[in-house]
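Here, each number is a calculation from the coordinates, and none is a lab measurement. Everything numeric in this text was worked out from a predicted model, so none of it was measured. Glycine gets a Cβ as well: all are built from the backbone with ideal geometry, and neighbour counts include every protein chain shown.
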Amino acid sequence: MQTSKPRCSTLLDASFNQACPVQEQCGGCPLLPLDRSSELKTKLDSVSTSLSEVGVSAEVLAMPETQRFGYRNRLRMKVVDGRVEFFNKAKHDGCLVVSPILWAAIVHVLAVSASRPSLLADVAHIEVRVGDDNRLGLVTSIPVDEESLQQELGDDWVVGSRGSDTSPALSYQPASGVEIAVPITSFVQVNSAVNRQLVQVVLDVAELSRAQTFLDLYCGAGNFSIPLAERGLTGTAVENVGAAVAQLGRTIPARNGAIRCIEGDARTLLSELEPADLVIADPPRAGLMESHRQVANLVGDTLFLVGCKTSSFARDVAALSSDGLELESVRVFDMFPGTVHVEALAVFRNRPDCDSSTPH
Ligand SMILES: C[S@@+](CC[C@H](N)C(=O)[O-])C[C@H]1O[C@@H](n2cnc3c(N)ncnc32)[C@H](O)[C@@H]1O
């Protein structure tokens, strides 16, 4: 149980450009004590090393500079007897990587749950989110009286429970001039600014290669599909979370037929899908595993492999290269400053004359 009220902004105001004073106790951001350029170099080196360990030699392109603090747009917390707590108690005094608006929202949730624990009785954990439009969301691990909880939290909030196919959504901007609604129970990239850098690379390559069709595997709520459709491409998007697929299906590009939405397990659906000029594969941390060859067979011109776990990413890059795709570039995005994690993007080309027996 909390013993003192968490501070809303003191720590953020005082330390925004300094090392985090609770970094050591917290442990969540082991790279924060490094200066920024050393942090970025450490991350580039870790991806290069993982790739060379699986026999892939590739230049890893430097990642663009980004905001080091205040980027996180969602945080999971535990609930004990209806009272919300941090999984990591050191966060009680603040967290520099959490967006200041999200931090204020967390402070509010802590206060509401302390004064009315019955609202979250039997809930094991929650996630608090902030959209790019600063609206707030709270997701509970089991269904609760959402109306009472929402009233207690206030008008800026939407509330939903995990697993629900009808959860409300928050608004995000994955590309300039493009808004998407992401159900609060579906995946959303944790760092909106860096997500925009990632999506922009996909859009730039799509434009340069004059792609017309896409296949977005593990599409979430359309982070890549909607910006691509807005630029005139048509394609298919596959995702296994019903709320995300339903939301994508309600968008204008889907209703106009520019995006065909399929709900289901991407791995089992691969054999039924048509090849496309661009394929985007953005699987969960485990990566593509044994499905890499089927994915490679669907690539008309370009494959984007996105990975947030370096070892799975490197293994998939090696596998796709031996499937005959030509690795064109690897980029690293600092989606999670302070932590050891990165988001990596490999761009492959399908060049039929590429000799797949060439050692990497
Ligand atoms: C890393 S997220 C990427 C989502 C989206 N591309 C984005 O950028 O927001 C992976 C997505 O794959 C979905 N997913 C996980 N396993 C899946 C499966 N077997 N088949 C289809 N989708 C799956 C998750 O629900 C999640 O939305």
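Brief remarks follow.
- Net charge, Cys26 excluded, C-beta distance under 10 Å - Lys, Arg +1, Asp, Glu -1: 0
- Within the range 191-349, the percentage of alpha carbon pairs spaced more than 24 angstrom apart rounds to 27%.
- Within-13-Å neighbourhood charge of Glu146 [Cβ basis; K, R +1; D, E -1]: -2
- Considering only Cα atoms, the convex hull volume of the range 81-185 works out to 106 Å³ per residue.
- Our helix-only sum for the chain, with -39,500 (n - 2.57) per DSSP H run of n ≥ 4 divided by its residues, gives a mean residue ellipticity at 222 nm of -8500 deg cm²/dmol.
- The fewest-to-most ranking of Val342, Val347 by surrounding Cβ atoms within 10 Å reads Val347, Val342.
- Taking packing as the residue-averaged number of other Cβ atoms within 10 angstrom, the listed peptides 216-222, 100-106 run from highest to lowest as 216-222, 100-106.
- In the elastic network of the chain, a GNM with C-alpha springs shorter than 10 Å, the most mobile of Arg255, Arg129, Arg36 is Arg255.
- Debye, to nearest 20: dipole size of the range 65-129, +1 on Lys, Arg Cβ, -1 on Asp, Glu Cβ: 100 debye
- Between the range 260-285 and the range 150-220, the C-alpha centres lie 18 angstrom from each other.
- Exposure proxy order (Cβ contacts within 10 Å, fewest to most) of Arg351, Arg315: Arg351, Arg315
- Charge dipole (Cα centre; +1 on Lys/Arg Cβ, -1 on Asp/Glu Cβ; no other charges) of the range 191-349 amounts to roughly 260 debye.
- Gained length - Ser52 relative to Glu272, 0.36 nm times residue gap less alpha-carbon distance: 75.8 nm
- With all pairs of separate Cα atoms included, the chain yields a Kirkwood hydrodynamic radius of 21.4 Å.
- Straight-line cross-link partners of Lys43 among the aspartates and glutamates, defined as a Cα under 14 Å from its Cα and at least 8 positions apart when in the same chain: Asp35, Glu59, Glu65, Asp334, Glu343.
- Neighbourhood net charge (12 Å Cβ-Cβ; Lys/Arg +1, Asp/Glu -1) for Thr302: -3
- Gyration tensor verdict on the range 39-132 (Cα atoms; rounded if a/c is under 1.5, prolate if a/b is larger than b/c, oblate otherwise): prolate
- For the range 48-95: rounded, prolate or oblate by the Cα gyration tensor [a/c cutoff 1.5]: prolate
- Here the Gaussian network model covers the chain, with springs between Cα atoms less than 10 Å apart; of Ser161, Ser99, Ser115, Ser115 fluctuates the most.
- Each Lys and Arg adds +1 at its Cβ and each Asp and Glu adds -1 at its Cβ; summed about the Cα centre, the chain shows a dipole of about 740 debye.
- Scaled against the 2.2 N^0.38 Å expected of a compact globular protein of N residues, the Cα radius of gyration of the range 173-246 reads 1.05.
- Inter-label distance, Ile252 to Gln67: 2.7 nm, where each label sits 7 Å from its Cα along the C-beta direction.
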